[in-house]
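Enquirer: Questions regarding the structure given below will be posed in turn.
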Amino acid sequence: MEILFLCIVIFLFLLAVFDLSVGVSNDAVNFLNSAIGSKAASFKRVLIVASIGVFIGAAMSNGMMEIARHGIFRPEHFSFYDLICIFMAVMVTDIILLDIFNSLGMPTSTTVSMVFELLGATFVVALIKMAGGVELGFDELLNTEKALSVIFGIFLSVAIAFFFGTLVQFISRMIFTFEYRSRLKWKIGLFGGICATAIVYFLLIKGAKDLTFMTPGLKAWINSNTAIIILSCFAFFTVLMQLLHICRVNVLKVIVLMGTFALAMAFAGNDLVNFIGVPLSGLASYQDYMANGGGDARGFLMDSLNGPADTPVYFLIGAGVIMVVALATSQKARNVAKTEIGLGSQQGGDEMFGSSRIARRLVRWTLRVLSWVRRVTPLKVRRWFNRRFNVDDTIIEQGAAFDLVRGSVNLVLAGALIALGTSLKLPLSTTFVTFMVAMGTSLADRAWGRESAVFRITGVISVIGGWFITAGAAFIGAGVIVAAMHFGGHWIMFLLAALTIYIIVKSNRRFSKKTEADNGDVLFQTIVSTRDKHQTWPLLMMYITEQQQKFMAYAGEKYRDMTSAFIAENSGVFRKTEASLARQKTMLKNARRKETLCLRYLTREMAIEKSTWFYLSNNCCMSILYNLHRINEVCKEHVENNFLPLPRRYTAEYELICSRIDTLFADTLELMRAGDTDAISALRRQCDEIKDTISDTYHHAHDQLRDGDTAAMAVLYVYVNMLQETQEMVSSIRKYLRAFAKLRDSEFRSRRPSGSSSVPAT
């Protein structure tokens with residue numbers, strides 16, 4: 001049995017390696033976003049600065065792991081076997097949960113997940129112990145105060161961070177405006193001094209308070225001389241920043257990189273317990289059991305965990321190395337960062353979230369309030385504010401989502417609020433504060449315009465909701481897993497270990513494929529970043545063609561799949577296609593939104609000339625998608641009900657039509673790749689010929705539907721519907737070809753041949 005427990009402890013450390021990787025991938029959003037979003041430096045340099053901060057914070061941490069040892073449960077009332085089950089359940093649940101959030105690109109809190117996993121697992125074990133006759137209550141077995149403080153911290157962090165983020169950024173923007181470079185001459189020294197002082201204060205109070213060199217005497221000296229330290233730092237950094245500005249150094253970039261280092265160091269130094277606290281507690285428990293347990297795993301109580309933790313330095317250095325490697329190599333870290341950057345982007349672009357009812361109501365209410373404010377505000381005041389907040393004067397780096405002023409405010413304010421909360425004993429979460437500060441600053445910067453506000457608010461609500469889901473899922477998941485292990489024994493432990501490894505491997509493979517599919521949007525970023533409007537249209541035309549090529553290839557493939565599945569009576573294809581069409585609809589809407597945004601970067605004359613044909617081409621694509629959806633819907637219902645298959649005499653003629661449709665899609669794709677508008681007229685005539693063929697086939701099938709065997713009416717109805725939708729689809733392709741030609745060549749002329757017939761509408 002001792003060998004079994006040793007294997008479990010080793011597995012806990014293996015899981016800790018995974019946990020460090022996925023945890024850093026998620027929490028990297030806290031200290032990377034502002035530097036990445038403002039392009040304060042290259043991504044490589046930002047990672048170097050953050051990695052140094054992470055390594056120093058992890059390596060110099062004092063290893064205070066009390067939260068995992070006795071912060072949630074009373075170890076003197078739990079046996080060694082109880083705690084091994086709890087620790088195993090916590091690690092398995094934590095890895096799976098954080099990996100899910102990383103894959104979805106949703107920032108969450110590692111502190112919340114660990115606390116509620118410990119609470120959920122301990123709660124279930126406590127129920128088992130009380131059911132087994134132990135005369136102890138929940139108050140004696142659990143420490144619920146910690147969980148309540150975390151819940152309180154969620155609400156407090158969200159409200160405080162968002163309010164101050166909005167307020168401070170509003171004041172900063174009023175001082176510097178969006179055209180900030182001309183206003184830095186004397187202001188930058190004071191601004192830099194305030195920011196650097198706040199960062200130092202944050203490091204002393206939050207980042208460095210638990211590092212090895214911080215002795216009780218040094219802490220006491222800092223606490224008693226805090227005011228002097230702050231004033232001295234302010235004077236020193238004000239002069240330094242002014243001198244740097246005179247030497248033509250971009251002070252704002254220096255502030256952003258300083259803030260990145262400070263937050264990374266604080267994260268690693270204070271949140272390390274979230275990743276290795278449980279395995280280290282498991283190791284300490286195993287060592288105590290082997291020395292004093294006498295082989296009684298279910299009877300030996302873990303009083304020793306009430307003592308202070310003593311973490312060997314090689315564990316801390318090893319954790320620091322793993323965190324740095326994970327930070328440098330993790331694609332999921334970039335995915336999580338993309339969520340916050342996208343929600344706060346000044347440029348607009350692809351909105352990651354849809355619209356919700358509460359977001360629409362909030363926007364409508366806010367617009368009414370702003371309308372009233374405008375009416376009561378004097379004209380001169382309005383003009384003054386509009387000059388200070390003229391977003392057309394925005395100065396941002398190439399490819400950046402927002403400017404350096406906002407990036408500085410994000411980092412400095414987040415650090416200051418976290419440090420202040422720590423000094424006042426308020427449980428402010430690093431994740432919650434940094435995210436909500438970023439959302440508040442983006443709101444103050446008018447990044448949430450009328451075209452994007454509902455999507456941004458929906459995104460914020462989704463992220464906040466995810467934090468509460470984290471708590472609930474962590475509590476329930478850990479509770480279920482620990483119950484299974486407690487009653488199932490070591491076989492369930494081995495099974496869960498294998499299942500965890502499988503889930504992680506599968507998730508990473510799936511994420512890699514998804515990443516490859518999402519990497520093709522570099523062209524869009526190039527378009528919105530260009531400053532020469534005369535160069536925009538060729539890039540935009542290339543982007544539109546690229547996106548619509550993908551759709552036409554998809555539509556042709558799905559049409560072939562559906563028609564083949566209907567003939568072969570394969571219902572599984574229709575179920576998969578139904579979900580695929582829903583995803584494609586979302587992709588089309590997002591592409592249209594992004595392309596519409598790109599139209600803003602054209603000259604006025606070019607935008608007027610091309611917009612009609614742009615919208616027509618998009619409408620044609622959406623119409624084709626609706627045709628595919630209606631074909632799939634009726635075919636799916638028919639096949640799933642096991643109705644009669646399509647008679648053989650109809651199969652041959654329909655396969656001929658499908659073959660011509662397949663050729664039409666292939667020719668359309670080839671024309672789009674070549675950009676040859678001269679071939680469009682011939683291709684449109686081909687569409688007319690296909691429509692005539694479908695029309696003849698339709699009339700024949702309709703006659704059979706009216707006069708034929710009543711037993712075949714159901715399948716003939718489906719067949720007639722497929723012919724109708726197919727012809728509508730061909731008509732949409734024909735319209736699309738003309739719109740595509742007009743987009744590429746304004747002088748294109750096409751005349752529809754007379755005599756073409758069409759299917760009567762039903």
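The values are calculated or read from the model by the stated rules, or taken from the named source; none is laboratory data. Remember, predicted model here, so these are calculated numbers, not experimental data. No Cβ is skipped: glycine too gets one built from the backbone with ideal geometry, and neighbour counts run over all protein chains shown.
Enquirer: Any idea how many residues of segment 308-321 are without any contact (Cβ under 8 Å) to a residue 12 or more places away in the chain and either of a type in the set (V, I, T) or within 19 Å of H77 (Cβ to Cβ) (or both)?
Expert: Count: 0.
Enquirer: Tell me, yes or no, whether segment 616-635 has at least one residue that is among the acidic types (D, E) and either touching a Gly at 6+ places or on another chain (Cβ under 8 Å) or modelled with pLDDT under 90 (or both). Quick ask: steps written out before the conclusion?
Expert: Step one: filter segment 616-635 for residues among the acidic types (D, E), giving 633.
Among the residues that remain, those that are also either touching a Gly at 6+ places or on another chain (Cβ under 8 Å) or modelled with pLDDT under 90 (or both) are: none.
No; the residues of segment 616-635 include none that is among the acidic types (D, E) and either touching a Gly at 6+ places or on another chain (Cβ under 8 Å) or modelled with pLDDT under 90 (or both).
Enquirer: Considering only residues that are at pLDDT 85 or above and of a type outside the set (G, A, S), which ones fall in segment 104-128? Show your work before the answer.
Expert: First, pick out the residues of segment 104-128 that are at pLDDT 85 or above: 116-128.
Selection gives F116, E117, L118, L119, T122, F123, V124, V125, L127, I128.
Enquirer: List the number of the failed condition for C247; all other conditions in (1) within 18 Å of L190 (Cα to Cα); (2) in contact with a helix residue (DSSP H, G or I) (Cβ under 9 Å, 6 or more places away or on another chain) hold.
Expert: It is condition (2) that C247 fails.
Enquirer: Moving on. Working only within segment 212-251, note down all residues that are surrounded by fewer than 11 Cβ atoms within 10 Å (Cβ to Cβ) and among the small types (G, A, S).
Expert: Initial filter on segment 212-251 (surrounded by fewer than 11 Cβ atoms within 10 Å (Cβ to Cβ)): 213, 215-217, 220, 224, 227-228, 247-248.
The answer is G217, A220, S224, A227.
Enquirer: Select, from F101, F163, F176, F73, the only residue that is surrounded by 20 or more Cβ atoms within 10 Å (Cβ to Cβ), at pLDDT 80 or above and in the same structural domain as F475 (by TED's automatic domain parsing).
Expert: Working: F101 fails: at pLDDT 80 or above; F163 fails: surrounded by 20 or more Cβ atoms within 10 Å (Cβ to Cβ); F73 fails: at pLDDT 80 or above.
Among F101, F163, F176, F73, only F176 is surrounded by 20 or more Cβ atoms within 10 Å (Cβ to Cβ), at pLDDT 80 or above and in the same structural domain as F475 (by TED's automatic domain parsing).
Enquirer: Could you tell me whether any residue of segment 483-496 is in a loop (DSSP other than H, G, I, E, B) and over 30 Å from A400 (Cα atoms)? Spell out the reasoning first.
Expert: Taking segment 483-496 as the starting set, the residues that turn out to be in a loop (DSSP other than H, G, I, E, B) are 489.
Going one step further and asking which of them are over 30 Å from A400 (Cα atoms), we end up with 489.
Yes.
Enquirer: Still on this structure: Could we say that T441 is at pLDDT below 80, part of a helix (DSSP H, G or I) and within 22 Å of F164 (Cβ to Cβ) here?
Expert: Working: at pLDDT below 80: no; part of a helix (DSSP H, G or I): yes; within 22 Å of F164 (Cβ to Cβ): yes.
The answer is no for T441.
Enquirer: Just give me the residues in segment 286-301 being under 41 Å from the mean Cα position of the chain (by Cα) and of a type in the set (A, V, I, L, M), in sequence order.
Expert: Within segment 286-301, none qualify.
Enquirer: Pick from L646, L625: which is under 30 Å from A579 (Cβ atoms) and outside any helix (DSSP H, G or I)? Lay out the reasoning, then the answer.
Expert: Values: L625 fails: outside any helix (DSSP H, G or I).
Testing whether each residue is under 30 Å from A579 (Cβ atoms) and outside any helix (DSSP H, G or I) leaves just L646.
Enquirer: Quick check on segment 593-609. Is at least one of its residues surrounded by 17 or more Cβ atoms within 10 Å (Cβ to Cβ), touching a residue at least 60 places away in the same chain (Cβ under 8 Å), of a type in the set (F, W, Y) and part of a helix (DSSP H, G or I)?
Expert: No, every residue in segment 593-609 fails to be surrounded by 17 or more Cβ atoms within 10 Å (Cβ to Cβ), touching a residue at least 60 places away in the same chain (Cβ under 8 Å), of a type in the set (F, W, Y) and part of a helix (DSSP H, G or I).
Enquirer: Now a separate question. Tell me, please, whether a residue that is surrounded by fewer than 16 Cβ atoms within 10 Å (Cβ to Cβ) and either outside the structural domain of M91 (by TED's automatic domain parsing) or modelled with pLDDT of 80 or more (or both) can be found in segment 395-412. Outline the logic, then answer.
Expert: Going residue by residue through segment 395-412, those that are surrounded by fewer than 16 Cβ atoms within 10 Å (Cβ to Cβ) are 395, 398-399.
If we keep only those that are either outside the structural domain of M91 (by TED's automatic domain parsing) or modelled with pLDDT of 80 or more (or both) too, we end up with none.
No, because not a single residue in segment 395-412 is surrounded by fewer than 16 Cβ atoms within 10 Å (Cβ to Cβ) and either outside the structural domain of M91 (by TED's automatic domain parsing) or modelled with pLDDT of 80 or more (or both).
Enquirer: Another question about this same structure. Determine the pairs where a residue that is more than 14 Å from K594 (Cβ to Cβ) and part of a helix (DSSP H, G or I), located within segment 540-560, has a partner that is of a type in the set (G, A, S) and at pLDDT 90 or above with Cβ atoms under 9 Å apart, the partner being 6 or more residues away or on another chain.
Expert: So the pair list comes out as Y554/S580; G556/A666; K558/S580.
Enquirer: Which residues, taken from segment 455-485, are buried (at least 19 other Cβ atoms within 10 Å of the Cβ) and not small (G, A, S)?
Expert: F455, R456, I457, T458, V460, V463, W467, T470, F475, I481, V482, M485
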